[in-house]
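The structure under discussion appears below in the form of structure tokens.
The values are calculated or read from the model by the stated rules, or taken from the named source; none is laboratory data. Source: prediction; values computed, not measured. Note that we place each Cβ from the backbone using ideal geometry, even for glycine, and neighbour counts take in every protein chain shown. The area values use the complete protein model at the heavy-atom level, side chains included, leaving out ligands, DNA and RNA. Shrake-Rupley method; radii C 1.70, N 1.55, O 1.52, S 1.80 Å.
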Amino acid sequence: MPPQFWLMKSEPDECSIDDLAEAPGQRLPWTGVRNYQARNFMRDAMRIGDGVLFYHSSCPQPGVAGLARVASAAYPDATQFDPQSAYFDPASKPDAPRWLHVDVRFERKTRLLSLKELRADPALAGMQLLRPGNRLSITPVSAEEWTHILSLLEIS
């Protein structure tokens, strides 16, 4: 299968592109996803090697801050079992985990491609991120959108 592409949102005070770049092996688990559709993307559609637009959200200047790759198949998110975690889910059981995640691997930091710039670009008008009411932390990105965003970032 050819690689697919994804936009994955993270709050930079929780995990930024710089945190990913500085992580051991430049790889981190994408923990804390608590939306079934986003979980299903990881479980059913993401494959090792898929491209990731690393998006900083819930911050003064949201936007694409870097590139990453999916680095693992989906596996249980340990934070769901940790009562000390903000992502603890008492209904999830180790023998039947409700929440999964994938690991992501750093590719490169980019200039911040802001949400404002993305919204202003007619070629991205259909991008799921930009649809009214979209709140998903993980969304698919078409090959055309991926290529266009790379061109905006001046990456060949």
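For the reader, a short list of remarks on this structure follows.
- Principal axis dimensions, largest first and in whole angstrom, of the stretch 27-75 by Cα: 32, 22, 16
- Gain in span if fully extended, residue 86 to residue 109, counting 0.36 nm per residue against the direct Cα distance: 5.5 nm
- Each DSSP beta bridge with both residues in the chain is either parallel or antiparallel, and the antiparallel ones are about 80%.
- Measuring r between the beta carbons of residue 156 and residue 40 and using R0 = 30 Å, the FRET efficiency lands at 0.35.
- For the stretch 10-21, Karplus couplings with θ = phi - 60° (6.51, -1.76, 1.60), whole Hz, Gly/Pro x: 9, 6, x, 6, 9, 7, 9, 4, 5, 4, 5, 4
- GNM flexibility winner over the chain from 84, 61, 26 (Cα, springs under 10 Å): 84
- Net charge over other residues, Cβ less than 12 angstrom from the Cβ of residue 25 (K, R count +1; D, E count -1): 0
- Residue among 132, 62, 76 with the largest mean-square fluctuation in a Gaussian network model of the chain, springs linking Cα atoms under 10 Å: 132
- Counting heavy atoms of the protein chains alone, residue 88 has an accessible area of about 80 Å² for a 1.4 Å probe.
- Evaluated at q = 0.28 Å⁻¹, a Debye calculation over the C-alpha positions of the stretch 94-156 (equal weights, vacuum) places log10 I(q)/I(0) at -1.40.
- Cα-projected label distance for residue 27 with residue 95, points at 7 Å along beta-carbon direction, nm: 3.1 nm
- Largest GNM mean-square fluctuation among 97, 60, 140, using the chain with Cα springs under 10 Å: 60.
- Carbon-plus-sulfur accessible fraction, the chain (probe radius 1.4 Å, protein heavy atoms only): 53%.
- On Cα atoms only, tilt of 143-152 relative to the major axis of the chain in degrees: 60 degrees
- Length gained on full extension, residue 148 to residue 75: 23.2 nm, using 0.36 nm per residue less the C-alpha separation.
- Residue 155 contributes about 30 Å² of solvent-accessible surface, heavy atoms of the protein only, 1.4 Å probe.
- In this structure the stretch 35-106 gives 46 Å² per residue of accessible area when probed at 1.4 Å with all protein chains present.
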